[in-house]
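J.: Got a structure here, written out as structure tokens. Questions coming.
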Amino acid sequence: MSRIAARFEELKKANRAAFIPFITAGDPDGETTAAMLEKLPAAGADLIELGVPFSDPMADGPSIQAASQRALKAGMRLTKVLELVRRFRKTDAKTPIVLMGYYNPIHKYGTALFVKDAVEAGVDGLITVDLPPEEDDVLRLPAASHGLDIVRLATPTTNDERLKTILNGAGGFLYYVSITGVTGTKSFADDEVHAAVARLQAATGLPCAVGFGIKTPERAAAVAKFADAAVVGSAIVDRMASGAKLEDVLAYCTELAEAVHGARI
Amino acid sequence: MNTPNSYRTGPDSDGHFGGYGGRFVAETLMPLIFELEQAYEAAKTDPAFHEELKGLLTHYVGRESPLYFAERLTAHCGGPKIYLKREDLNHTGAHKVNNCLGQVLLARRMGKTRIIAETGAGMHGVAAATVSARFGFPCVVYMGEVDVERQKANVFRMRLLGAEVRAVKSGSRTLKDAMNEAMRDWVANVSDTFYMIGTAAGPHPYPAMVRDFQSVIGTETRAQILEREGRLPDLVTACVGGGSNAIGMFHPFLDDADVEIHGVEAAGKGTDTPYHAATLSKGIPGVLHGQRSYLLQDDDGQVLEAHSISAGLDYPGVGPEHSWLRDTGRVKYFSATDKEAVDAFVALSRLEGIIPALESSHAIAHVMRVARQMEKDKLIVACLSGRGDKDANTVAAVLGEKI
């Protein structure tokens with residue numbers, strides 16, 4: 001069983017949703033990311049979404065755009081992202097890591113080679129924002145043979161027919177983009193997202209994560225009542241950007257984790 | 001690579017020209033580009049759509065545009081007869097309006113109520129603002145902060161036409177970032193907004209759709225040269241940034257095997273320096289802005305900033321059909337430096353009394369280079385994609401004159 005499947009099974013038994021923090025690799029530098037990764041599981045992260053910086057992050061709002069710029073300026077690149085994962089795996093064999101980014105760096109690396117190297121480094125899944133199902137064979141087929149999950153996205157614009165296309169080949173979990181917009185910019189109505197997630201859960205056996213609009217522990221808890229995971233990105237990245245101490249950012253992650261883990265009690 | 005029976009049948013149903021093109025957008029946008037594709041396919045077969053577009057092109061834009069025999073430029077080069085397709089005489093001063101009119105009619109058919117666009121030099125922004133005014137749409141134009149600063153006159157024109165110009169402060173603050181920001185707007189306003197892309201690039205169906213709207217250039221040119229000279233030209237050429245005037249000019253000639261076709265990219269300060277926009281000469285295939293195509297990028301796949309004296313060519317990507325035409329060898333791509341473009345800008349002004357856009361000046365520079373090596377009984381057609389008034393400040397600065 002993959003690390004992602006094992007982790008969700010564990011959580012299901014405990015009747016808990018997963019807390020998934022997002023951080024951008026290399027923001028503000030590689031060493032900070034390495035320290036952050038090492039401490040996130042103890043801070044309550046069930047899975048970790050690690051952002052791969054890209055020069056043109058079209059689906060991201062100002063917070064993650066700026067984080068990408070900081071990371072690139074500090075010299076982060078795809079090979080170094082894999083190094084960070086390799087280092088993390090020396091201290092943690094169980095917490096799944098999902099890379100989230102854009103296709104071009106992977107395309108440049110060489111998709112088949114990248115899949116092989118990513119799995120060897122200890123990556124469990126890939127979210128490639130600008131690689132829709134129609135175009136992702138080139139990544140999905142090698143990923144399937146190496147046991148790497150391609151995590152697909154569903155959105156408020158996804159109708160039933162589109163959902164079939166998205167689910168065909170989806171792995172790991174299904175990521176519900178809760179707003180029409182870029183990361184960290186809008187918030188959503190709980191009942192609308194609840195209905196949307198219920199529809200996804202009825203259509204797939206995959207766990208359903210919700211992300212893109214969760215900014216506070218309260219919002220995370222509200223989502224964790226019905227979704228299988230809550231992803232928080234921009235709110236964490238903003239704290240990193242404000243120059244907060246690592247322990248303060250981690251304390252905030254713990255607050256989010258406790259809100260998620262206590263939501264169904 | 002095998003030679004196809006026709007170079008004019010692409011793209012396939014998924015928007016691929018060979019290995020290029022496609023749809024590389026966030027999932028939120030996928031249903032929207034399918035909706036656009038369906039609407040465009042329906043419009044294509046609707047005679048009323050074409051009739052309305054033709055009427056506007058005739059009475060609003062002033063088409064057809066002349067095919068002008070540049071007698072003194074010809075004599076100056078001492079080679080073949082040189083003809084210029086005068087897209088600079090269109091309403092708004094460039095070829096961009098051909099595409100914007102097609103897209104605004106489509107927006108209206110689709111029941112959209114808001115137009116967004118990206119712009120580099122501001123020519124597409126002006127054309128988008130113009131057609132939005134004409135059809136009563138609110139219009140938001142995204143423009144890199146750097147370009148807002150260097151193209152103040154066009155910013156004023158857009159505002160005068162009722163558009164809101166939003167200065168983009170992210171990334172390199174030029175055209176590519178303006179396009180990122182327009183995509184972000186579109187993702188956030190999925191139900192009411194029509195994204196009017198200015199060049200033959202982006203996710204399918206944009207590259208094919210923009211090409212179709214711009215093909216009026218080549219279709220007219222082909223008929224005009226046959227009427228004037230009784231035969232097809234030996235060489236057709238145009239400048240290539242994203243490549244919309246070029247693909248519009250080239251496409252109707254692609255299956256004329258005896259017509260040589262040259263695209264001209266911006267070599268900036270030289271293709272042996274980092275300061276150029278010669279995507280097809282110096283880039284490698286990559287994925288940006290919804291498409292797979294040649295791209296200026298580093299070895300980590302990060303997109304590089306382009307450089308050209310002409311803001312309209314200052315883009316690190318290129319339309320996917322050009323990438324395919326490059327690989328098949330049907331079209332050959334060259335480049336001209338900033339200096340060569342400025343020299344051509346001055347030469348055409350003095351020889352023909354025509355001030356060309358700096359973008360178009362790259363094509364003129366290429367013509368002046370190759371004409372000297374061609375026999376006198378040959379025919380060259382170059383696309384003069386826009387007028388150069390907007391570039392007065394830039395060229396004056398290069399020539400050391402204060403305005």
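J.: Within the range B:292-304, how many residues turn out to be touching a helix residue (DSSP H, G or I) at 6+ places or on another chain (Cβ under 8 Å), facing chain A (nearest Cβ under 10 Å) and on the phi < 0 side of the Ramachandran plot? Talk me through it step by step, then tell me what you get.
T.: Narrowing the range B:292-304 to residues touching a helix residue (DSSP H, G or I) at 6+ places or on another chain (Cβ under 8 Å): B:292-297, B:299-303.
Narrowing the set further to residues that are facing chain A (nearest Cβ under 10 Å) leaves B:292, B:295, B:297, B:299-303.
Now restrict to residues that are on the phi < 0 side of the Ramachandran plot: B:292, B:295, B:297, B:299-300, B:302-303.
Residues flagged as touching a helix residue (DSSP H, G or I) at 6+ places or on another chain (Cβ under 8 Å), facing chain A (nearest Cβ under 10 Å) and on the phi < 0 side of the Ramachandran plot within the range B:292-304 amount to 7.
J.: From the list A:Ala230, A:Ala251, A:Ala195, exactly one residue is open to solvent by 40 Å² or more (accessible area, probe 1.4 Å) and closer than 14 Å to A:Val177 by Cα. Which is it?
T.: Result: A:Ala195 is the single residue among A:Ala230, A:Ala251, A:Ala195 that is open to solvent by 40 Å² or more (accessible area, probe 1.4 Å) and closer than 14 Å to A:Val177 by Cα.
J.: Another question about this same structure. Suppose the filter is of a type in the set (Asp, Glu), out of contact with any strand residue (DSSP E or B) (no Cβ under 8 Å at 6 or more places or on another chain) and either within 20 Å of A:Ile48 (Cα to Cα) or without any contact (Cβ under 8 Å) to a residue 12 or more places away in the chain (or both); does A:Asp238 pass it?
T.: It is true that A:Asp238 is of a type in the set (Asp, Glu), out of contact with any strand residue (DSSP E or B) (no Cβ under 8 Å at 6 or more places or on another chain) and either within 20 Å of A:Ile48 (Cα to Cα) or without any contact (Cβ under 8 Å) to a residue 12 or more places away in the chain (or both).
J.: Which of (1) within 10 Å of chain B (Cβ to nearest Cβ); (2) among the aliphatic types (A, V, I, L, M); (3) out of contact with any Lys or Arg (no Cβ under 9 Å at 6 or more places or on another chain) does A:Ala59 not meet, given it meets every other one?
T.: So A:Ala59 meets the others, but not (3).
For (1) free of Cβ contacts under 8 Å to residues at least 24 places away in the same chain; (2) among the aliphatic types (A, V, I, L, M), each residue gets a yes or a no:
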{"position": "B:Glu220", "(1), (2)": "no, no"}
{"position": "B:Glu227", "(1), (2)": "yes, no"}
{"position": "B:Ala238", "(1), (2)": "no, yes"}
{"position": "B:Asn245", "(1), (2)": "no, no"}
{"position": "B:Met249", "(1), (2)": "no, yes"}
{"position": "B:Asp258", "(1), (2)": "no, no"}
{"position": "B:Ile261", "(1), (2)": "no, yes"}
{"position": "B:Pro285", "(1), (2)": "no, no"}
{"position": "B:Arg292", "(1), (2)": "no, no"}
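J.: Among the residues of the range B:118-135, is there at least one that is within 14 Å of chain A (Cβ to nearest Cβ) and either closer than 22 Å to B:Tyr40 by Cβ or assigned to a helix (DSSP H, G or I) (or both)?
T.: Yes, that holds for at least one residue.
J.: Scan the range B:152-171 and give yes if some residue there is within 14 Å of another protein chain (Cβ to nearest Cβ), surrounded by 17 or more Cβ atoms within 10 Å (Cβ to Cβ), at pLDDT below 95 and farther than 17 Å from B:Cys100 by Cβ, otherwise no.
T.: The answer is yes, given that some residue of the range B:152-171 is within 14 Å of another protein chain (Cβ to nearest Cβ), surrounded by 17 or more Cβ atoms within 10 Å (Cβ to Cβ), at pLDDT below 95 and farther than 17 Å from B:Cys100 by Cβ.
J.: Then there's this: What single numbered condition from (1) assigned to a helix (DSSP H, G or I); (2) touching a strand residue (DSSP E or B) at 6+ places or on another chain (Cβ under 7 Å); (3) without any contact (Cβ under 8 Å) to a residue 24 or more places away in the chain; (4) not hydrophobic (A, V, I, L, M, F, W, C) fails to hold for A:Glu31?
T.: (2)
J.: Only residues that are open to solvent by less than 50 Å² (accessible area, probe 1.4 Å), touching a Ser or Thr at 6+ places or on another chain (Cβ under 7 Å) and either within 13 Å of chain B (Cβ to nearest Cβ) or among the β-branched types (Val, Ile, Thr) (or both): list them for the range A:144-169, please.
T.: Listed by number, the residues that qualify are A:Thr155, A:Thr157, A:Ile166, A:Leu167.
J.: Oh, and also: Please specify each residue of the range B:67-80 satisfying the condition of being over 23 Å from B:Glu227 (Cβ atoms) and surrounded by 20 or more Cβ atoms within 10 Å (Cβ to Cβ).
T.: Across the range B:67-80, the qualifying residue is only B:Cys77.
J.: OK, next. Cβ-Cβ under 6 Å, sequence separation 6+ or interchain: first residue in the range A:120-131 and at the interface with chain B (Cβ under 10 Å from one of its Cβ atoms), partner buried (at least 24 other Cβ atoms within 10 Å of the Cβ) and part of a strand (DSSP E or B). Which pairs?
T.: From the range A:120-131, the pairs are A:Asp130/B:Phe24.
J.: For the range B:260-291: of the residues being surrounded by fewer than 20 Cβ atoms within 10 Å (Cβ to Cβ) and closer than 30 Å to B:Ile225 by Cβ, which is farthest from the other protein chains (Cβ to nearest Cβ)?
T.: B:Glu260
J.: Which count do you get for residues in the range A:104-132 that are hydroxyl-bearing (Ser, Thr, Tyr) and either farther than 18 Å from B:Asp299 by Cα or buried (at least 24 other Cβ atoms within 10 Å of the Cβ) (or both)?
T.: Looking only at that region, the number is 1.
J.: Related question: So which helices (runs of 4 or more DSSP H) are wholly in the range A:158-248 and hold at least 3 residues that are within 17 Å of the chain's Cα centre (by Cα) and under 29 Å from A:Asn15 (Cβ atoms)? Write out each step before concluding.
T.: Working: elements: A:160-167, A:190-203, A:217-224, A:234-241.
It comes to A:217-224, A:234-241.
J.: Taking the condition among the aliphatic types (A, V, I, L, M) and free of Cβ contacts under 8 Å to residues at least 40 places away in the same chain, does B:Ile309 pass?
T.: No, not satisfied.
J.: Filtering the range B:193-220 down to residues that are buried (at least 24 other Cβ atoms within 10 Å of the Cβ) and among the polar types (S, T, N, Q), which residue is farthest from B:Glu35 (Cα to Cα)?
T.: Checked the range B:193-220; the qualifying residue farthest from B:Glu35 (Cα to Cα) is B:Gln214.
J.: Among the residues of the range A:67-75, is any within 14 Å of chain B (Cβ to nearest Cβ), in a loop (DSSP other than H, G, I, E, B), in contact (Cβ under 8 Å) with a residue 24 or more places away in the chain and touching a Lys or Arg at 6+ places or on another chain (Cβ under 7 Å)?
T.: No, the range A:67-75 contains no residue that is within 14 Å of chain B (Cβ to nearest Cβ), in a loop (DSSP other than H, G, I, E, B), in contact (Cβ under 8 Å) with a residue 24 or more places away in the chain and touching a Lys or Arg at 6+ places or on another chain (Cβ under 7 Å).
J.: If you check A:Ala66 against the conditions, is it over 26 Å from B:Ala26 (Cβ atoms) and of a type outside the set (Lys, Arg)?
T.: no
J.: Kindly indicate which of A:Leu139, A:Leu174 is over 21 Å from B:Glu35 (Cα atoms) and either among the aromatic types (Phe, Trp, Tyr) or touching a Cys at 6+ places or on another chain (Cβ under 9 Å) (or both).
T.: Of the residues listed, the single one that is over 21 Å from B:Glu35 (Cα atoms) and either among the aromatic types (Phe, Trp, Tyr) or touching a Cys at 6+ places or on another chain (Cβ under 9 Å) (or both) is A:Leu174.
J.: Which condition from (1) surrounded by 17 or more Cβ atoms within 10 Å (Cβ to Cβ); (2) within 30 Å of B:Asp185 (Cα to Cα) is the one that B:Glu64 breaks?
T.: Against the list (1) surrounded by 17 or more Cβ atoms within 10 Å (Cβ to Cβ); (2) within 30 Å of B:Asp185 (Cα to Cα), B:Glu64 comes up short only on (2).
J.: Here's a follow-up. Residues of the range B:188-217 being out of contact with any strand residue (DSSP E or B) (no Cβ under 8 Å at 6 or more places or on another chain) and not aliphatic (A, V, I, L, M), which ones?
T.: B:Ser191, B:Thr199, B:Pro205, B:Arg211, B:Asp212, B:Phe213, B:Gln214, B:Ser215
The values are calculated or read from the model by the stated rules, or taken from the named source; none is laboratory data. From a predicted model like this one, the values you see are computed outputs, not experimental measurements. In this analysis, Cβ positions are derived from the backbone assuming ideal geometry, glycine residues included, and neighbour counts consider all displayed protein chains. Ligands, DNA and RNA are excluded from the accessible area calculation, which covers all protein heavy atoms including side chains. Shrake-Rupley method; radii C 1.70, N 1.55, O 1.52, S 1.80 Å.
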